[in-house]
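The values are calculated or read from the model by the stated rules, or taken from the named source; none is laboratory data. Keep in mind that what you see is a predicted model, and the values were worked out from it rather than measured. Every residue, glycine as well, gets a Cβ built from its backbone with ideal geometry; the counts of neighbours run over all protein chains shown.
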Amino acid sequence: MPSTAVQHDSLLFTVSPDKSVGIGWNTTTFSPVLQNASMIFPPGYVIQSSSSFSQQASSVVETTTVHYQLPQRLNQNLSSIVSSMSFNATQTGLSGQGSLRITTTTLFPVQNINVTYSTSSNRISINATAHAYFSASLYPGTPFESQTAFNNNWTATFGNQAWINNMTYQIQNTTQLLKVDAFYGNVTYSTDNLSASVSITFVGVPSGSEPDFVTAYETLIGLPTPLLTGLDNIIQSALNLSTGQTVKFTYTGSTGTIDFKSTTSYVSDLDAQVNSLKTQFFQLLFGIDPALRAMPSISFLNSTSVTVSKISMTSSLDLYAGTSSTTLNGLIIGPPTVGTNTNFTIPGLFQTLGSVPFSAPGVNITLAGGSDSTNQVKIIVPSGTPAPNSTTSNSAAWTNVSNATVLSNVRFVVQPISSSFFALLLSPAGIAIEAIIAAAVIAGILLYARKRRAKMPVPLTPSGPAPAPGLGPSPAPPTQ
């Protein structure tokens, strides 16, 4: 393994006959920092996660899941302190609420931990409660050794206004956009002096005179007034794209499993809204600095539509090997092209990609021709363009590309699928052939039935007079 972090990237661009481009991305990173944890994480314990968008009748829904089976030794250490942990939350924009519950074992002095929170555009409220137990034999030398030791520690912290003021200052100074509106704690001791009920409350509001946290953040970064006003509208609109989110996290000590699931609902016309916001953002930039229009990468991004409602992503983190990998599919863009509808290049795509620095040895790029029911795209590599390292009937691949600009002249030619069996069946000639085949099959069936009937034996005629045509047997004479 290398001694420094190494990253390998692969990109797949599938160009369709309508000139849209589907993007697939694979990246694998090795980190010696992660591999240093291999003594804790044995081989075979990989954290797997997935996320995907799906278009539904009234919304676009993104579902994200993570599952991890903790290594036995690690879970033994953790479950000896924590029996279970669960977190549930709902969120819409900046408004939400949630709860965290942690159940601990007797080895840990703080038990039945409950944390609830609520957020809005201009207020964050957190309340935590727990039950603390005291024991000189179980927790010697700690604040939980006795009620006296615990009370001395409490008096020095939440029972000390100077300590609270110092913590308030540090929180406000660190976040810059948060003003502490309330921060205090309460403790109630049991009559047997062996335990205490503790609660801590925190309330934060936007710093200064700003009406909400978004405005406080925008003021903090010090943007010019025109950009500040326009950016505020864009951020507020982006927050409104989500119509609701639910999050659930659980840890079960008895099984050593961690599960996470997040479901986010977006507006049904998510793609249209995202492209509208993208246009607003670039128009805002151009209004402040018109020279940005002349930058090729900025111009390309401004002219490219994006489809995000079909994205799917999977990730894998192997802490033993020190590697992480991510695969993304389903991202579709509608880039500007040069040429005709059936013979074109996409120089802006490769020029923009060329402006992105890739670590050595470079990025692997595959260009593939897509198809629909009537047409397919063929990849044409002109002279002057580096030859691909491998090709198929509808793709070309380059390895270790350091600057993707060299692929700017690759052409994409749309051709009818005239030679395909499917196209033949749908053509007038194909329909005529199908009719001839159908007639031949029917004629064959009739001929076979006729021959079989001709070979059937003639039934024997019984002796005696034949009944009159059309009449059944004569009735028996009446009984005397």
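For P382, the stated conditions do not hold, so it cannot be described as in a loop (DSSP other than H, G, I, E, B), of a type outside the set (G, A, S), buried (at least 17 other Cβ atoms within 10 Å of the Cβ) and over 30 Å from the mean Cα position of the chain (by Cα). Being modelled with pLDDT under 95, crowded, with 17+ Cβ neighbours inside 10 Å and in contact with a helix residue (DSSP H, G or I) (Cβ under 7 Å, 6 or more places away or on another chain) is a description that applies to L319. Screening T129, T155, T148, T119 for residues that are without any contact (Cβ under 8 Å) to a residue 24 or more places away in the chain, of a type in the set (S, T, Y) and either under 30 Å from Q172 (Cα atoms) or part of a strand (DSSP E or B) (or both) leaves exactly one candidate, T155. Listed by first and then second residue, the pairs with beta-carbon distance under 9 Å, at least 6 apart or on different chains, first residue in the stretch 229-240 and part of a helix (DSSP H, G or I) and surrounded by 14 or more Cβ atoms within 10 Å (Cβ to Cβ), second at pLDDT below 85 and among the hydroxyl-bearing types (S, T, Y), are D232/T215; I235/Y217.
Every residue, every condition in (1) closer than 21 Å to T119 by Cα; (2) at pLDDT below 90; (3) among the hydroxyl-bearing types (S, T, Y), yes or no:
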| site | (1), (2), (3) |
| --- | --- |
| T157 | no, no, yes |
| I164 | no, no, no |
| N173 | yes, no, no |
| V180 | yes, no, no |
| F183 | yes, no, no |
| I200 | yes, no, no |
| T215 | yes, yes, yes |
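Look at the stretch 268-284: where a residue is outside any helix (DSSP H, G or I) and a partner is hydrophobic (A, V, I, L, M, F, W, C), sitting 6+ places away or on another chain with Cβ atoms under 9 Å, you get S268/A57; S268/V60; D269/V60. Filtered by the rule that a residue be of a type in the set (V, I, T) and over 29 Å from F213 (Cα atoms), the stretch 111-162 gives T142, T148, T155. When V198, V205, V187 are checked against the criterion of being within 23 Å of Q97 (Cβ to Cβ), more than 34 Å from the chain's Cα centre (by Cα) and part of a strand (DSSP E or B), a single residue qualifies: V198.
Kindly provide the set of residues from the stretch 1-37 that are modelled with pLDDT under 85, in contact with a strand residue (DSSP E or B) (Cβ under 8 Å, 6 or more places away or on another chain) and small (G, A, S), ordered by number. Hits for the stretch 1-37 are A5, S31. Each residue in the stretch 277-323 was checked for being of a type outside the set (A, V, I, L, M, F, W, C) and under 24 Å from H67 (Cβ atoms), and 9 of them qualify.
Just checking, does the stretch 121-129 include any residue being at pLDDT below 95, among the hydroxyl-bearing types (S, T, Y), closer than 30 Å to D232 by Cα and surrounded by fewer than 16 Cβ atoms within 10 Å (Cβ to Cβ)? Yes, because at least one residue in the stretch 121-129 is at pLDDT below 95, among the hydroxyl-bearing types (S, T, Y), closer than 30 Å to D232 by Cα and surrounded by fewer than 16 Cβ atoms within 10 Å (Cβ to Cβ). Cβ-Cβ contacts under 6 Å between residues 6 or more apart (or on different chains), taken from a first residue in the stretch 301-314 that is β-branched (V, I, T) to a second residue that is part of a loop (DSSP other than H, G, I, E, B), are listed as T304/P335.
Listed here are the residues, each with its yes/no results for (1) in contact with a Lys or Arg (Cβ under 7 Å, 6 or more places away or on another chain); (2) part of a loop (DSSP other than H, G, I, E, B); (3) closer than 24 Å to Q7 by Cβ.
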residue: A360; (1), (2), (3): no, yes, yes
residue: T366; (1), (2), (3): no, no, yes
residue: Q376; (1), (2), (3): no, no, no
residue: P386; (1), (2), (3): no, yes, yes
residue: A396; (1), (2), (3): no, no, yes
residue: V406; (1), (2), (3): no, no, yes
